[in-house]
Amino acid sequence: MRHVSLLAAALGLAMSAAQAQDLSLYAAGSLKAALTDVAADYAEAYDTPVATSFGPSGLMRERIEAGETAHVFASANMRHPRTLESAGKGGPVALFARNRLCGLARPEVEVTSETLLDVMLDENTRLGTSTPKADPSGDYAFQLFEKSGHAEALKTKALQLTGGPDSAAPPEGRNTYAWVLDSDQADLFLTYCTNAVLARKEVPDLQIVQIPEPLSVGADYGLLVLDGAPPEAWKLALHILSPAGQAVLAEYGFDAAAVPKGE
C-alpha cells in the first residue's frame, strides 16, 4: 500500500507540475507587440501563464526542430509551420493574420510611392532588408525584387541587416528598424508596414512609403499547435483566432479577418 501511496503522490506532483507549466508561445518578431498583449489577455482571462519567445520565423522553426519546447508557433509565413506539420510535429496550420511590406526611409531621403523603385535602384541608396530564409520579411522583399523586373540588381545591392543568425542586435528597448535607420546603417529599409509604424513611433522623422500596387507583396501568417502540447495550447490558439485576439492584431495594423463588422 505504501508503494501505491507513493506512486499516487508522485503522479499527483507530476500532474500539478504539468498544470503549473507555462504555455510556450514561439512567434515571429513582427508579432511581438501584438501577441504580447494577446498572451497577457489570455493569461488574465484563463489564469494560465504564457511564456513568449519572439524572433525571425525561420530561426524559431529551427529551434523547435532542435528540440526546444514550444506549444504554439505563430509564423510570419505559412511555409515554416507547414514544414513542421509535414515533419509530423503538429497541425493543422491556420491562417490567422495578414501583413504587407512598406518602405521605411530616413528623413533626408527624397522618395514617394511613385519614385520608390528608382530610389531603390539608385547606386547611392543603401537598401536594407531582413535575411531571406531566416526571416520571411527578407523573403517577401526578394519577392518584391522579382516583381520589379530588376531582381538581380536589387538582390545584389540589398544589405541583409536584420533577421539572420549573425545579425547585429539593437540596444535593449530599441525597435530594430528604427535603430537600423537612426544609426545610419541604411537609407531605405523594406519591412512589414506594422514594423514601420512601430519604428516611426520611436523615431517620428522616419518616412513610411507605401509600396505601389504593381510591386506590392502581402504576407500570410500561419499558426500551428505542436504535438504534445497541453490542451490549453489549443485554447490559446483559438484565442488568437477569436474576435478578441483578432481585434488586438488589427490595432497593431494587421489585416485580421475575424474582427466582426463594425468593430
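Judged by the mean number of other Cβ atoms found within 10 Å, the most tightly packed of the peptides 189-198, 45-54 leads the ranking 189-198, 45-54.
Placing pseudo-labels 7 Å out from each Cα toward the beta carbon at Asp47 and Thr156 gives an inter-label distance of 6.4 nm.
Residue ranges 142-148, 94-100 sort as 94-100, 142-148 when ordered by packing (mean number of other C-beta atoms within 10 Å per residue, highest first). Counting only residues at least eight positions apart within a chain, or on another chain, the aspartates and glutamates with an alpha carbon under 15 Å from that of Lys32 are Asp41, Asp135, Glu172, Glu251.
Rounded to the nearest 20, the size of the Cβ-charge dipole of the chain about its Cα centre is 800 debye, with Lys and Arg at +1 and Asp and Glu at -1. 3J(HN,Hα) along the range 132-144, derived from phi through the Karplus expression 6.51 cos²θ - 1.76 cosθ + 1.60 where θ = phi - 60°, amounts to x, 6, 7, 10, x, 4, x, 4, 5, 4, 5, 5, 4 Hz, with x in place of Gly and Pro.
Per residue, the accessible area of the chain comes to 49 Å², computed with a 1.4 Å probe over protein heavy atoms only.
Taking mean projected area of the Cα convex hull in nm² as the quantity of interest, determine which of [x] 16.8; [y] 13.8; [z] 20.4 was computed from the displayed structure. It is the value labelled [x]. Among Leu117, Val38, Ser216, pick out the residue whose Cα is farthest towards the positive end of the charge dipole of the chain, where Lys and Arg carry +1 and Asp and Glu carry -1 on C-beta, about the Cα centre. Working it through, the farthest residue towards the positive pole turns out to be Val38.
The HN-Hα couplings worked out from phi for the range 233-247 by the Karplus form 6.51 cos²θ - 1.76 cosθ + 1.60 (θ = phi - 60°) are 5, 5, 5, 5, 4, 5, 5, 4, 7, 6, x, 5, x, 5, 5 Hz, whole numbers, x standing for Gly and Pro. For Lys157, go through the aspartates and glutamates and keep the ones whose alpha-carbon is under 12 Å away, minus same-chain ones fewer than eight residues off. In chain and number order, the partners are Asp122, Glu123. I'd like the distance separating the alpha-carbon centroids of the range 149-197 and the range 35-111, in whole Å. What the calculation gives is 19 Å, centre to centre.
Per-residue packing, averaged as other Cβ atoms within 10 Å, sorts the ranges 160-169, 62-71 into the order 160-169, 62-71, beginning with the highest.
Just how large is the dipole of the range 104-234 about the Cα centre, in debye to the nearest 20, putting +1 at every Lys and Arg Cβ and -1 at every Asp and Glu Cβ?
So the dipole magnitude of the range 104-234 works out to roughly 100 debye.
For the range 54-153, dividing the convex hull volume of the Cα atoms by the residue count gives 134 Å³ per residue.
For the chain, carbon and sulfur atoms together expose 53% of the accessible surface, with a 1.4 angstrom probe and every protein chain in place. Karplus-based coupling profile of the range 107-120, in residue order and whole Hz: x, 7, 6, 8, 8, 10, 4, 5, 9, 4, 5, 4, 5, 4, with θ = phi - 60° in 6.51 cos²θ - 1.76 cosθ + 1.60 and x standing for Gly or Pro.
For the chain, the 222 nm mean residue ellipticity estimated from helices alone, with every DSSP H stretch of n ≥ 4 adding -39500 (n - 2.57) and the total spread over all residues, rounds to -13000 deg cm²/dmol.
The values are calculated or read from the model by the stated rules, or taken from the named source; none is laboratory data. From a predicted model like this one, the values you see are computed outputs, not experimental measurements. Cβ coordinates were reconstructed from backbone atoms using ideal geometry, including for glycine residues, and neighbour counts include every protein chain displayed. These accessible areas exclude ligands, DNA and RNA; they are computed on the full protein's heavy atoms, side chains included. Shrake-Rupley method; radii C 1.70, N 1.55, O 1.52, S 1.80 Å.
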